[in-house]
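Everything on this sheet refers to the single structure shown next.
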Amino acid sequence: MSYRKTLKLICGFAGGSAVLVFAAAAADSRGYFGEQGGERVSRWSRFAVLQAAQPAWTPASHTPTPTGHAWDFNWDKRDPSALINGKKKESATEDPSSEQNNSKPKATRNILLIRHSQYNLSGNSDKEKILTPLGREQAELTGQRLAALGLKYDVLIHSSMTRATETANIISKYLPGVELVRCDLLREGAPIEPVPPVTHWKPDAVQYHEDGARIEAAFRRYIHRADPKQKEDSYEIIVCHANVIRYFVCRALQFPPEGWLRMGLNNGSITWLTIRPSGRVALRTLGDAGFMPADKLTRT
């Protein structure tokens, strides 16, 4: 067998350049490459040819380049040091370190964002866009899942739109004693013009202007670190809409907010954000609907 055929055979089975080189070395040691031009080619010269044929690799070339955007620990304007520096000292004898310690959050906030269940898309008004029979089943499953987690929920906040209100009411049956709070800021809308753009959905610029300000206001109201007075970790449920949830996730993780439309969320799914006292944010789940049977999953 010629050395070219042998190399072709080796390439077919080798999974990487390093394997190829060592396989070629083994073949050469057994004389599989044969003679070329009447003279035996040096083993090391063949190594040089093989290595030259492989793409250059260095650790630097395979390491992602940092974007240069550092994490802003004062993203919610509640960083203790920033709050103290902005205050006027009441007494010259006041201990700054003691004041900072007293204003430092100690609890973690867990925010579970629930997308409303499937609803009647043919409705002309919000009141007509009620949950479908399947949508009511989805809400039941979501309520059962939240109850099964065994968490001590502090509040259940929901958008004032019909589909979100109905979803929240069904979920609340499984969470007795949890306060229901209605909020207009959480209504569905167009938070910011998406990048890349889409052709099937093009709101007017004024809608982005109005909805964007409202949804951003909702983010600032609900997504932030705990108050220093909060002693225990909290678990809050917010039932709202896909656009609102996706925008919240991008903003909380300090990702470009215009990327919100690149994510998809199933009806009745759970998105879980954790906000630490330090201001760190973690996304524990995004659109979790694994607790639903496959035939109950929708994304309308």
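Laboratory data are not the source of any read-out in this text; all were calculated from the coordinates shown. Just so we're clear, the structure is a prediction, and the values are computed from it rather than from any experiment. All Cβ positions, even for glycine, are placed from backbone atoms using ideal geometry, and neighbour counts span all protein chains on display.
Any chance the range 184-198 includes a residue that's free of Cβ contacts under 8 Å to residues at least 60 places away in the same chain, farther than 24 Å from ILE275 by Cβ and charged (D, E, K, R)? No; the residues of the range 184-198 include none that is free of Cβ contacts under 8 Å to residues at least 60 places away in the same chain, farther than 24 Å from ILE275 by Cβ and charged (D, E, K, R). Looking across the range 182-219, the residues that are buried (at least 18 other Cβ atoms within 10 Å of the Cβ) and of a type outside the set (Gly, Ala, Ser) come down to LEU185, LEU186, ARG187, GLU188, PRO191, ILE192, PRO194, ASP211, ILE215, PHE219. Checked against the criterion of being touching a Cys at 6+ places or on another chain (Cβ under 7 Å) and at negative phi, the candidates ALA168, ALA164, ALA139 yield just one match: ALA164.
Among the candidates GLY279, GLY264, GLY268, GLY259, the residue that is more than 17 Å from GLU140 (Cα to Cα), in contact (Cβ under 8 Å) with a residue 12 or more places away in the chain, surrounded by 14 or more Cβ atoms within 10 Å (Cβ to Cβ) and out of contact with any Cys (no Cβ under 9 Å at 6 or more places or on another chain) is uniquely GLY279. Selection of the range 185-210 for residues being touching a helix residue (DSSP H, G or I) at 6+ places or on another chain (Cβ under 8 Å) and among the charged types (D, E, K, R) yields ARG187, GLU188, GLU193. Here ILE245 does not qualify as part of a strand (DSSP E or B), of a type in the set (A, V, I, L, M, F, W, C) and either touching a residue at least 40 places away in the same chain (Cβ under 8 Å) or under 18 Å from PHE219 (Cβ atoms) (or both).
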